[in-house]
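Quick note: the coordinates plus some simple rules give every number you see, no bench work behind them. All of these numbers come straight from a predicted model, not from anything done at the bench. For neighbour counting, all protein chains shown are included, and Cβ atoms are generated from backbone atoms with ideal geometry for every residue, glycine included.
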Amino acid sequence: MQHEITRAIPLLNDAGNLTEPGYAKKLLPVYRRKDIKASALRIKEWDYYCVNNGRFALCLTIADNGYMGLDSISLLDFEAGWEITNSPMSVMPLGKVGLPESSAVGNVCHGNKKYSISFENDGSGRRILTASMENFGPEGALVASVELFDEPEESMVICTPFNKPAHFYYNQKINCMRAKGEVRYGGKLYQFEPEDSFAVLDWDVAYGPTTTPGTGAAPPTSWKTARASAGT
């Protein structure tokens, strides 16, 4: 049987377990990082956006997985039949990336001298995604700026407990946001227009022994191993 959460509640109780496992149609459970009763090495927070119009797509990720950080930019050209992904990693961010504790409002920006990814959300119903990377692919630099709006009133929110105390997975998927913007790469301009462009947000928080909840290996003991396991 599925249980629907219908009221605003703290995501975690005093023991660090889910207050109310189940699903909701809005972001009702309130997440606070300090409520997790576990090592920062295994706290995983990430925002993933995908903007798609059926001809090409842009995917952006900012992730703080405790023992490793991962930023990612993907550009997919469905008509030409190619895809490029570039995913810089960092060592032991341990929450310093500063991802917002809610998908409803909050900004995050991460990168270095060679790239930058930024998600801006002031709570007004519009989200601004920007990205740039000097050596994105064989054709050189990528620059992108996309605005999202017309967010649906309902989304898919899931609170999933694991079979260990204080282990959980908290996820929200917002589908079918309208998108307007552009990506420049390799001398070509990819434009998203509201008439045929949509975006999805995959917003996740987890505490557990894996890189992505339910898959992968336990956190590695060396950075060399971390680079290998991050691909899962």
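Around the amide H of Phe192, modelled in the peptide plane, lie the amide H atoms of Gly181, Glu182, Val183, all under 5 Å away and 5 or more residues distant in sequence or on another chain. A simple rule links phi to the HN-Hα coupling: the Karplus curve 6.51 cos²θ - 1.76 cosθ + 1.60 with θ = phi - 60°, which for region 152-161 gives x, 5, 10, 9, 9, 10, 10, 10, 10, x Hz, with x for Gly and Pro. Taking every alpha-carbon pair under 8 Å whose residues sit at least 6 apart, the chain reaches a relative contact order of 19 percent.
Of the chymotrypsin sites (Phe, Trp or Tyr not before Pro) found in region 55-130, the ones in coil according to DSSP and having at most 13 other Cβ atoms within 10 Å of their Cβ are Phe78.
Where does the charge balance sit around Gly106 when Lys and Arg score +1, Asp and Glu -1, over other residues with C-beta under 12 Å from its C-beta?
Neighbourhood net charge equals -4.
When Ser116, Ser103, Ser39 are sorted by how many other C-beta atoms sit within 10 angstrom of their C-beta, beginning with the fewest, the order is Ser39, Ser116, Ser103. Sparsely packed loop sites in region 122-190 (the GluC sites (Glu not before Pro) outside DSSP H, G, I, E and B with at most 14 other Cβ atoms within 10 Å) comprise Glu139, Glu153, Glu154. Amide H contacts of Ala141: Phe136, Gly186, each under 5 Å away and 5 or more positions distant or on a separate chain (H built 1.01 Å from N in the peptide plane; Pro and chain starts excluded). Residue-wise HN-Hα couplings along region 105-116, as the Karplus relation 6.51 cos²θ - 1.76 cosθ + 1.60 with θ = phi - 60° gives them from phi, are 7, x, 10, 8, 9, 8, x, 8, 5, 9, 7, 7 Hz; Gly and Pro carry x. Only helices enter the 222 nm calculation for the chain: every DSSP H run of n ≥ 4 contributes -39,500 (n - 2.57), and dividing by all residues gives -1000 deg cm²/dmol, rounded to 500. In this structure the amide hydrogen of Lys26, modeled in the peptide plane, comes within under 5 Å of the amide hydrogens of Ser155, none closer than 5 places in sequence on its chain.
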